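The values are calculated or read from the model by the stated rules, or taken from the named source; none is laboratory data. Remember, it's a predicted structure, so these values are computed and weren't measured experimentally. Here Cβ is always computed from backbone atoms with ideal geometry, including for glycine, and neighbour counts include all displayed protein chains. What goes into the accessible areas is simple: the full protein's heavy atoms, side chains included, and nothing from ligands, DNA or RNA. Shrake-Rupley method; radii C 1.70, N 1.55, O 1.52, S 1.80 Å.
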Amino acid sequence: MAGVLVFLFKPSIYAQAYADQEEHLFELSIREIALLSLSPQQSTLFFELTFPEKAGEDPEFKSGPNNQQLWIHYTNGNALANETRNIGVQWGSGKLPAGVELYISAGGYTGNGKGKTGVTAGKVKITSSNTNLITGIGGAFTGRGAGNGHKLDYEVKISDAGALQNQNDQEINIVFTLSDN
Amino acid sequence: MNKYFVFGLLYFLFMTFSSDALAQNLRLSGAWKVSHNNFQIEAGDDIPGTIRSDADQISLSVNGNVNKSNWVIRVHMEEYNTWNNNLELWVRRTGNGVGSGSVYGGNTFQRIARMETDFFSGQRVVNNIDVQYELRGATVLIPASNYQATIFYTLYED
């Protein structure tokens, strides 16, 4: 009888419903990012030296109308949360006329970006050496276009009026670099 | 030990172990890796907050002894130690596959959790069911690194 009962009864071994399983790997690779841009792109600043109408007054540089519309933007991503980068500025090609100095300052961050945006170093003199303009940039993005990032302001000063000479227009390139701290 | 008992025992053993050979099984092909090649950004931009895979990034096939069976596929993931909690993986079924069976459900994106959740169901044999992923939460605000997770698909018979 025991053998007959076993024959008629189909055992239900699979009380659980598990049948099979497969798997695969997902991987996201985020590399360090350091992107820098200006807007408008390929901007050209104009400064015109004008001489006074009255004797004894100082000559001065007049700033072109587009000189106050420049913004700098960046996207920065570091491997470590406490790492930062700086934006430096220096001359590229060309040379300032004798007796003239050019200064630049970056405004505080503003815009639609997020993250650890940089801190302005205030007004700095542009030289042939890289000089920090914005420091302490962590993981951050500024947004693009006017109103996003740091507004740039330029100022030309006469350091030695006696050295000023009448000369043709001078074209000078200014280079910005986003680099490790 | 009489012959009926022996025959019954043999039948019992046959049903026990032969069921493995006739069980439904699951096959998966494909994987997904996201890198800077998946997006283009300019200075000032963040990494895209949503990155979507190809519609047929992976495919799943259910076959075996399914002629009498309903089945369901559940999905879950296990993150590696390097995972960042800002990241989310979402999945949806984009294809109906081919075969004698049918599939239903799973057509809208659902987040893949650490606990198993139902993905989609079906009946009988269906091969090459296309599946698509979405990655949400990638940003330059998290450390540059490699983030990994294993995604599991588990087939259950109803």
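Here is how the numbers come out for the structure above:
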item: Förster radius 41 Å - calculated FRET efficiency between B:Ala55 and A:Thr177, Cβ distance, rounded to 0.05; result: 0.45
item: Descending semi-axes in Å of region A:35-181, equivalent ellipsoid built from Cα gyration tensor; result: 33, 15, 12
item: Longest to shortest principal axis, alpha-carbon extents of the protein assembly as shown, angstrom; result: 132, 34, 27
item: Sparse-neighbourhood loop sites, trypsin sites (Lys or Arg not before Pro) in region B:94-158 - DSSP loop, at most 14 other Cβ within 10 angstrom; result: B:Arg114
item: Lysine pair number, Cα distance threshold 28 Å (strictly under), chain A, separation 8 or more or different chains; result: 19
item: Residue-wise HN-Hα coupling along region B:145-157, computed from phi with Karplus coefficients 6.51, -1.76, 1.60 (Hz; x: Gly, Pro); result: 6, 9, 10, 10, 8, 9, 9, 10, 10, 10, 9, 10, 8
item: For residues of A:136-142, the mean tally of beta carbons on other chains within 10 Å; result: 4
item: At least 20 Å² of accessible area lost relative to the chain alone, listed for region A:27-50 with a 1.4 Å probe; result: A:Glu27, A:Leu28, A:Ser29, A:Ile30, A:Arg31, A:Ile33, A:Leu35
item: B:Ala31/A:Leu38 FRET efficiency (R0 41 Å; Cβ-Cβ; nearest 0.05); result: 0.50
item: Average other protein chain Cβ within 10 Å of Cβ, residues B:90-97; result: 0
item: For region A:49-121, alpha-carbon Rg and Dmax in angstrom; result: 18.4, 60
item: Estimated [θ] at 222 nm from DSSP helical runs (n ≥ 4, -39500 (n - 2.57)) normalised by residues in chain A, nearest 500; result: -1000 deg cm²/dmol
item: Solvent-accessible area buried by pairing B with A, both sides, nearest 100 square angstrom, 1.4 angstrom probe; result: 4500
item: Using θ = phi - 60° and Karplus 6.51 cos²θ - 1.76 cosθ + 1.60, couplings along region B:94-103 (whole Hz; Gly, Pro as x); result: 10, x, 9, x, 10, x, 7, x, 8, 10
